[in-house]
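Here the structure comes first, spelled out in structure tokens, and everything after it is commentary.
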Amino acid sequence: MMAREVFHLLVEVPWIVFVLYWIVSAIRTRDTLQTESFASRYAILLIEAAGFVLLFRHSAGIGFLGNRVMHRTLPSAIAGSILTWMGIGLAIWARYHLAEYWSARITIKEDHQLIRSGPYTRLRHPIYSGIVLAAIGSAVVIDQWRCVLGVCLVLMGYCIKARKEETMLTQQFGDAFREHQKHAGFLIPRFR
């Protein structure tokens, strides 16, 4: 097996772990009381899906999008693999702390609680932060312009989703969520 194939495998395995964990943990969630609109959900999902297609579909490397961004090196491939695993680890850790309050859609669950434990002590959207970090790591390993564009779309999709989520959380929790915003960063950890 060539080094290139090994690093692609090191990028693919954490994403497979991520998907499997998401499927298994989605079984135990609370009933939904309030959710975002159908149009809002699928507009954001379309942006994110386009980003992931660019990131992971080799056939999306049309024209300059298939060109290398930088000269691929062993250290950059190792760094990208580490970032991918760290991002997936952060997303899974955050998903674990959300437990039954998680949803793929922007929702308020039955007896919803504001989670401020684990990664939520420093981040308001650690699942999104982890996914974006993993996407960046994957892009470093794959090293094509299509991946840069893909990461930008993934980041844009999760930023839009996070803003909408914050509107709903502010309506639900008011001052408690505003206080949380002072201590936890949006997508980058806040240490104060």
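The values are calculated or read from the model by the stated rules, or taken from the named source; none is laboratory data. As the structure is a computational prediction, the values presented were derived from the model and not from experiment. Positions of Cβ are generated from backbone atoms using ideal geometry, with glycine treated the same way; all protein chains shown enter the neighbour counts. Side chains included, ligands, DNA and RNA excluded: accessible areas come from the protein's heavy atoms. Shrake-Rupley method; radii C 1.70, N 1.55, O 1.52, S 1.80 Å.
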- Message: Rounded, prolate or oblate for segment 29-127? Axes are the square roots of the Cα gyration tensor eigenvalues, ordered a ≥ b ≥ c, and the cut-off for rounded is a/c under 1.5.
- Response: oblate
- Note on the structure: A correct Karplus calculation of ³J(HN,Hα) over segment 17-30, with 6.51 cos²θ - 1.76 cosθ + 1.60, θ = phi - 60°, whole Hz and x for Gly and Pro, returns 4, 4, 4, 4, 4, 4, 5, 5, 6, 6, 5, 10, 10, 7
- Where a Cα-Cα gap under 17 Å defines reach, which aspartates and glutamates qualify for Lys109, not counting those fewer than 8 residues away within the same chain? Asp31, Glu36, Glu100, Glu165, Glu166
- How many nm separate the modelled label positions at Thr73 and Tyr96, each set 7 Å beyond the Cα in the direction of the Cβ? 3.4 nm
- Query: Tell me, what is the 1.4 Å probe accessible area of Val154, in Å² to the nearest 10?
  - Reply: 0 Å²
- Item | Degrees between helix 74-98 axis and first principal axis of the chain (Cα, 0 to 90, nearest 10) | 20 degrees
- Task: Please list 119-128, 90-99 highest first by mean number of surrounding beta-carbon atoms within 10 Å per residue.
- Result: 119-128, 90-99
- Query: Once phi is turned into θ = phi - 60°, what whole-Hz ³J(HN,Hα) does the Karplus curve with 6.51, -1.76 and 1.60 give for every residue of segment 166-174, x standing for Gly and Pro?
  - Reply: 5, 4, 5, 5, 5, 5, 7, 10, x
- Message: Test of understanding: what is the full-extension gain from Ala49 to Met2, defined as 0.36 nm times their sequence separation minus their Cα-Cα distance?
- Response: 14.0 nm
- Message: Just want to confirm a number: the relative contact order over the chain, from Cα pairs under 8 angstrom separated by 6+ residues, in percent.
- Response: 33 percent
- Once the Cα atoms of helix 38-56 and of the chain are each reduced to a long axis, what angle between those two axes, in degrees from 0 to 90 to the nearest 10, is obtained? 20 degrees
- Query: What does the charge add up to near Val69, with Lys and Arg as +1, Asp and Glu as -1, over the other residues with Cβ less than 15 Å from its Cβ?
  - Reply: +2
- Query: What is the Cα coordinate range of the chain on the first, second and third principal axes, sorted by size from largest, in whole angstrom?
  - Reply: 51, 34, 32
- Query: Which value results when the Cα radius of gyration for segment 80-166 is divided by 2.2 N^0.38 Å?
  - Reply: 1.15
- Message: I want the local charge near Leu153. Using Cβ-Cβ distances under 14 Å, sum +1 for each Lys or Arg and -1 for each Asp or Glu among the other residues.
- Response: +2
- In whole Å, how far is the Cα centre of segment 1-79 from that of segment 135-192? 15 Å
- Message: Please list Val24, Val69 from largest to smallest accessible area, probe radius 1.4 Å, with all protein chains kept in place.
- Response: Val24, Val69
- Only residues of segment 99-141 count here: report those whose backbone N is under 15 Å from the spot 7 Å along Cα→Cβ of Leu33, or say none. 101-102, 107-115
- Message: Can you give the local net charge around Glu165? Use residues other than it whose beta-carbon is closer than 12 angstrom to its beta-carbon, Lys and Arg +1, Asp and Glu -1.
- Response: +4
- Message: Can you tell me the length gained on complete extension of the stretch Gln171 to Arg190, counting 0.36 nm per residue apart and subtracting the Cα distance?
- Response: 4.6 nm
